[in-house]
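Asks: Take a look at this one; I'll ask things after.
The values are calculated or read from the model by the stated rules, or taken from the named source; none is laboratory data. Just so we're clear, the structure is a prediction, and the values are computed from it rather than from any experiment. Using ideal geometry, Cβ is built from the backbone for each residue, glycine included, and neighbour counts are taken over all protein chains shown.
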Amino acid sequence: MKKVIANTSVVLATLLTIVFMAPTAAQADDGRFTMYTDDANPGGRVVFHADGDYVQVCDIEADGSSVWLRITDLDGSGGYSMNVAGNDECKVHRASDGGSYDLEEYSCFEFNIYLSRETAFGDLARWFNSSTGGNC
């Protein structure tokens, strides 16, 4: 019985380590942030990289819905919206596009991605626009 309890404890400790030590799902090792719509078979994806204010939104599912992205500067000074429709279609904006696409440095931005047919399948993240990136 002691052996079963000891083995169970080791398995549980290993699982907890994996869960709590794993990087967040939204950030990759290269500083890019990725988020998907919350529907059962995600139909939309956004990728953000603070270096160059790179924002890509993609429609990744042939589900008849377009994908919308709303970016809002939490200090209220800017942001923009974009949408894309058609399976495997993507749209990209960068700081070099000028205007509202040049996101304020060192600001926290809210990224809200959702499907045109149902905003309930949206997802929301807050990412910091700086060379160090990160959630805010």
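Asks: Can you pull out every residue in the range 53-74 that is closer than 14 Å to residue 108 by Cα and either touching a strand residue (DSSP E or B) at 6+ places or on another chain (Cβ under 6 Å) or part of a strand (DSSP E or B) (or both)?
Replies: If the condition is that a residue be closer than 14 Å to residue 108 by Cα and either touching a strand residue (DSSP E or B) at 6+ places or on another chain (Cβ under 6 Å) or part of a strand (DSSP E or B) (or both), then 70, 71, 72, 73, 74 are the ones that fit.
Asks: Okay, next question. State whether the residues of the range 39-49 include one that is of a type in the set (S, T, N, Q), surrounded by fewer than 16 Cβ atoms within 10 Å (Cβ to Cβ), over 15 Å from the mean Cα position of the chain (by Cα) and more than 19 Å from residue 128 (Cα to Cα).
Replies: Checked against the condition, which is being of a type in the set (S, T, N, Q), surrounded by fewer than 16 Cβ atoms within 10 Å (Cβ to Cβ), over 15 Å from the mean Cα position of the chain (by Cα) and more than 19 Å from residue 128 (Cα to Cα), the range 39-49 yields at least one hit.
Asks: Let me ask another. Is at least one residue of the range 109-128 farther than 22 Å from residue 31 by Cα, loosely packed, with under 14 Cβ neighbours inside 10 Å, acidic (Asp, Glu) and modelled with pLDDT under 95?
Replies: The answer is yes; a qualifying residue exists.
Asks: Check residue 92 against each of (1) within 15 Å of the chain's Cα centre (by Cα); (2) within 19 Å of residue 38 (Cβ to Cβ) and name the one condition it does not meet.
Replies: Against the list (1) within 15 Å of the chain's Cα centre (by Cα); (2) within 19 Å of residue 38 (Cβ to Cβ), residue 92 comes up short only on (2).
Asks: Can you confirm whether the range 9-31 contains a residue that is closer than 27 Å to residue 134 by Cβ, among the hydroxyl-bearing types (Ser, Thr, Tyr) and either modelled with pLDDT of 75 or more or within 12 Å of the chain's Cα centre (by Cα) (or both)?
Replies: Yes, the conditions are met somewhere in the range 9-31.
Asks: From 64, 79, grab the single residue that is modelled with pLDDT under 95 and surrounded by 17 or more Cβ atoms within 10 Å (Cβ to Cβ).
Replies: 79
Asks: Using beta carbons and a limit of 9 Å, which pairs, at least six apart or on different chains, have the first residue in the range 91-109 and in a helix (DSSP H, G or I) and the second one charged (D, E, K, R)?
Replies: What qualifies is 95/53; 95/102; 96/53; 96/102; 97/53; 101/53; 101/94.
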